[in-house]
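Here is the structure we will look at, set down as structure tokens.
What follows is calculated from the coordinates using simple rules that are stated; it is not laboratory data. It should be emphasised that the depicted structure is a prediction, and the values quoted were computed from it without experimental measurement. Here the Cβ is made from the backbone with ideal geometry for all residues, glycine too, and neighbour counts use every protein chain on show.
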Amino acid sequence: MKTLKGRTSPVKTGLPLIQIAKELGHHAPFTIFGAATGIVIMLLTVLFQVPPSASYSVFYFLHPLHVVLSALVTSAIYLKYSRKPWMVIWIGYVGSVGIATMSDVVIPYLGGTLLNLEIEFHLPFLEKWWLVNPLALLGIVIGCWKRVTRLPHSGHVLLSTWASLFYFTAFGVGEWLSLLPAIFLFLFLSVWLPCCLSDIVFPLLFISSAEDKHKHE
């Protein structure tokens, strides 16, 4: 905050790191709960010997839903603070497809590689472009229309956790029971940082100082 002749005016220098840290801390407990549900699902998957083909189908059901909710929340958060609605398509798409790919694919793949698993690398927005990309646009449209953020974010976290889990079992081969502690860690990491970045930090990075001042006024 700077002063000039007895008047105060907010000066925006980017999203404060302390705010990001608070958001991450606030979302950590629910993300831990989501990762725990993922471990329970993995136990059931192992006990009932669910084949990789079934995991593949479940992944390509959950990942597109994750993209829809992510696009919805990212777009709604951006439009809540911005007066530049023409940017919402780009921000909603990158904030959903880009970060959902990081969460559901890249981090599980890197986790599997670090655990020396046989795991394949796939990019759903290319391989299933006819499914993932239109659903991202649908999420943006809903976000522009409804401007809802709370419930979709919670659903986003759970869907991301489960999608990351089924990426492991759909495209990887390993002794899952002995790897459960490590899988829990990677499930947590794959959701905690990317989801908060997508839903909260990413859209707010594009709010200009002028818009921020207008909002405060």
Which numbered condition E175 fails, given (1) within 23 Å of S53 (Cβ to Cβ); (2) assigned to a helix (DSSP H, G or I); (3) not basic (K, R): (2)
Top-ranked residue of the stretch 39-60 - restricted to ones that are in a helix (DSSP H, G or I) and of a type outside the set (A, V, I, L, M), ranked as surrounded by the fewest Cβ atoms within 10 Å (Cβ to Cβ): S53
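So which of L43, L72, L47, L126 ends up being farther than 18 Å from V191 by Cβ, in contact (Cβ under 8 Å) with a residue 60 or more places away in the chain and among the hydrophobic types (A, V, I, L, M, F, W, C)?
On the way: L72 fails: farther than 18 Å from V191 by Cβ; L47 fails: in contact (Cβ under 8 Å) with a residue 60 or more places away in the chain; L126 fails: in contact (Cβ under 8 Å) with a residue 60 or more places away in the chain.
Being farther than 18 Å from V191 by Cβ, in contact (Cβ under 8 Å) with a residue 60 or more places away in the chain and among the hydrophobic types (A, V, I, L, M, F, W, C) holds for just one of L43, L72, L47, L126, which is L43.
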